[in-house]
Amino acid sequence: MTMTTTPIEQASSPPRLPVRALLILSFAVLVTVTAESLPAGLMPEMSADLGVSPMQIGLLISVWALTVIVTSIPLAKVLSRVDRRLVVGGSLAVFALATMVTALSPSYPFTFALRIVSAAAHGVFWAVVIVYASSLLAPSHLGRGLALVTAGGTAATVAGLPAATLLAQAVGWRAAFAVLGVIALVIGVIVVRWMPRYAPGTVSSGERAVVLWRDPSLPALLAFGAAAVLIAVAQFASFTYIRPYLEVSAAIGTEWAAGLLFAYGLAGMGGVVVAGFLADRLPRSSLVAILVAFAVAFALLTVAAGSLAVVISALLVWGFAIGALFPLLQTTLMRVATERTRTLASAGIVVLFNVGIAVGPWLGGVMGGETSPTVTTAVSSAAMVVAAIFGVVGVLLAGRRLAVTARD
């Protein structure tokens, strides 16, 4: 079984970590992830200006997730042979234009339609940005490089959304959309003009004869995909109701909530940094350890809600785990996937996480998120235990797949 790949300009064996290029991609991640959850931070201002209820503003987040689920894989497949640099830059440009026009939107229906366009561009961007970043990295730098790129998502939670919210409160919600759109457009131009090309590899005729479902990387990717859905469901079932948990279950005063959530975000940034080193040394075992830490954190939040020290410790472990998860998972996926399944793996993880984003808050509410938050954290802990089992299966299958590749 043979495979040929198109030469990658300045990307096959870089002498050192291409920090500048990775920071550009990380900043793009920060901007798009901030825009994804922006209506949550601007809900009062958008609701009053557009003349709709807060629930309808909340639907702008739901339709985003649904659009990503429906469009990411088909659009990624259509663009599968296009230079990844152009796909990244082009998707950022479409995202930027839709976001800037949102700042001028005259009505809620128009805003709703623009969110669909932005989300479709966001899905394409996420489907290829990890594949493109991987092409810029030597194998020994893969974990650190992907950690730097995915750090933009954590930074969006820690700094991006709060900064956009402050801007909206100062000069109006439209300014926040306009600024994000302008920044995304500038980054898109930089990517197209100055970033290295990456033409996706071509598959030999013999390789084409093997159908996708027989690809050697598929069993591991499916296991990791199942884990991803459960991780996202667990994360968003509990995090959606973190404020009720702190106030109802942990009896922590409202004035402390912002500080604890900020500490949670900082722990996430710490997780990104640590994962960058672990992903190049112990990627698969570290991934399993993080999944177990997730389950333990949710269990502690469930059984020890009355202990302030335990709650704070569990929140920090939870934040650390969510920060470390993405670099470890993405690095493992990029290492185990073949040329044929790499884009599918990247797009598939985006889709599956958005399924979890859509299902998690609903499940958390059904399980008593506002009135009995510890029931929700118990469900999240159970989901993470099952996710860890799928993670172990994925790690074993990935190890077998990489061992076969090394022998070949």
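The values are calculated or read from the model by the stated rules, or taken from the named source; none is laboratory data. All figures in this text were calculated on a predicted structure; none of them were measured in a lab. Positions of Cβ are generated from backbone atoms using ideal geometry, with glycine treated the same way; all protein chains shown enter the neighbour counts. Calculation scope for accessible area: heavy atoms of the full protein, side chains included, ligands and nucleic acids excluded. Shrake-Rupley method; radii C 1.70, N 1.55, O 1.52, S 1.80 Å.
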Most mobile of A121, A226, A387 in a GNM of the chain (Cα contacts under 10 Å): A226
Length released on extending from L166 to S307, taking residue separation times 0.36 nm less the Cα-Cα span: 47.5 nm
Expressed in nm to one decimal, what extension gain is obtained for the pair A251 and V192 from 0.36 nm per residue of sequence separation less their Cα-Cα distance? 16.1 nm
Estimated inter-spin distance, L402 and L222, nm [label 7 Å along Cα→Cβ]: 2.2 nm
Distance-filtered residues of segment 149-182 - backbone nitrogen under 20 Å, label point 7 angstrom along D49 Cα→Cβ: 160-182
Using the Kyte-Doolittle scale, find the helices of the chain whose mean hydropathy is at least -1.0 and whose Cα atoms extend 24 Å or more along the helix's long axis, counting only whole DSSP H runs. 19-41, 54-78, 84-102, 108-135, 173-194, 218-239, 254-278, 283-303, 308-336, 342-366, 373-407
Taking 0.36 nm per residue of separation between A159 and V273 and subtracting their Cα-Cα distance, the length gained on full extension comes to 39.4 nm
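P(r) tail for segment 23-90, what percent of Cα pairs lie past 16 Å?
Values: 1398 of 2278 pairs.
That fraction is 61 percent.
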Heavy-atom accessible area per residue, the chain, 1.4 Å probe: how many Å²? 41 Å²
I need the per residue convex hull volume for segment 278-408, using only the alpha carbons, in cubic angstrom as a whole number. 99 Å³
Would you mind computing, in nm to one decimal, how far apart the modelled labels at W362 and V375 are, each placed 7 Å from Cα along Cα→Cβ? 1.8 nm
When the Kirkwood radius is taken over all Cα pairs of segment 155-306, what Stokes-Einstein diffusion coefficient follows at 10 °C and 1.306 mPa s, in µm²/s? 79 µm²/s
Relative contact order (percent) for segment 13-73, with alpha-carbon contacts under 8 angstrom and 6 or more residues of separation? 26 percent
